[in-house]
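Q: Pasting a structure here, questions to come.
The values are calculated or read from the model by the stated rules, or taken from the named source; none is laboratory data. A quick note: this is a predicted structure, and the numbers were derived from the prediction, not measured. No Cβ is skipped: glycine too gets one built from the backbone with ideal geometry, and neighbour counts run over all protein chains shown. When the accessible area is computed, the model is the full protein with side chains, heavy atoms only, and any ligands, DNA or RNA have been set aside. Shrake-Rupley method; radii C 1.70, N 1.55, O 1.52, S 1.80 Å.
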Amino acid sequence: MARKDAASKLTLKVITGVGSDGKTIYKNRTISGLAPNLADADALTVGRGFAGLQKHGLSHVMRTDSAVLED
């Protein structure tokens, strides 16, 4: 089996405020075009770096990998 067209992206979940009900409001920021062979620790460092450019606080970083599988 072979992997083809592999791609990765990061999603930063940022805290944008607090609602009238007292619950935290979150928004997602997506960074695509991440090298799929990048180590998870390095991807986290990249995500935190981008989060530092945001005016909102970071909740967490999510990584999504995708690829086409062929025989």
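Q: For THR64 paired with LYS9, estimate the spin-label separation in nm (one decimal), with each label point 7 Å from Cα along the Cα-to-Cβ line.
A: 0.5
Q: Still on this structure: Under the Karplus relation 6.51 cos²θ - 1.76 cosθ + 1.60, θ = phi - 60°, what is the ordered set of whole-Hz ³J(HN,Hα) values for the stretch 27-34, x standing for Gly and Pro?
A: Each residue of the stretch 27-34 in turn: 9, 9, 10, 10, 10, 9, x, 6 Hz.
Q: Moving to a separate point now. Taking amide H positions as placed in the peptide plane 1.01 Å from N, state which residues far from LEU58 in sequence (5 or more) or on other chains have amide H under 5 Å from it.
A: Result for LEU58 returns ILE15.
Q: Per residue, how large is the accessible surface of the chain? Use a 1.4 angstrom probe and give square angstrom.
A: 71
Q: So what's the net charge close to LYS4: Lys and Arg +1, Asp and Glu -1, counting the other residues with Cβ under 12 Å from its Cβ?
A: It works out to a net charge of -2.
Q: If each of THR16 and ALA39 carries a label point 7 Å out from its Cα toward its Cβ, how far apart are those two points in nm?
A: The two pseudo-label positions are separated by 3.5 nm.
Q: Whole-Hz Karplus ³J(HN,Hα) for the stretch 15-25, in order, using 6.51 cos²θ - 1.76 cosθ + 1.60 and θ = phi - 60°, x for Gly and Pro?
A: Listing the rounded values in order: 8, 9, x, 10, x, 5, 8, x, 8, 5, 9 Hz.
Q: Let me ask something additional. What lysines sit close enough to LYS9 to cross-link, taking a C-alpha to C-alpha distance under 26 Å and skipping anything fewer than 8 places away on the same chain?
A: LYS27, LYS55
Q: Compute the long axis of helix 40-51 from its Cα atoms, compare it with the longest principal axis of the Cα atoms of the chain, and write down the angle in degrees, 0 to 90, nearest 10.
A: For helix 40-51, the angle is close to 40 degrees.
Q: Can you give me the % of accessible surface on the chain that is carbon or sulfur? Probe 1.4 Å, all protein chains present, nothing else counted. Could you put the intermediate results ahead of the total?
A: Working: 2520 of 5040 Å².
The computed percentage sits at 50.
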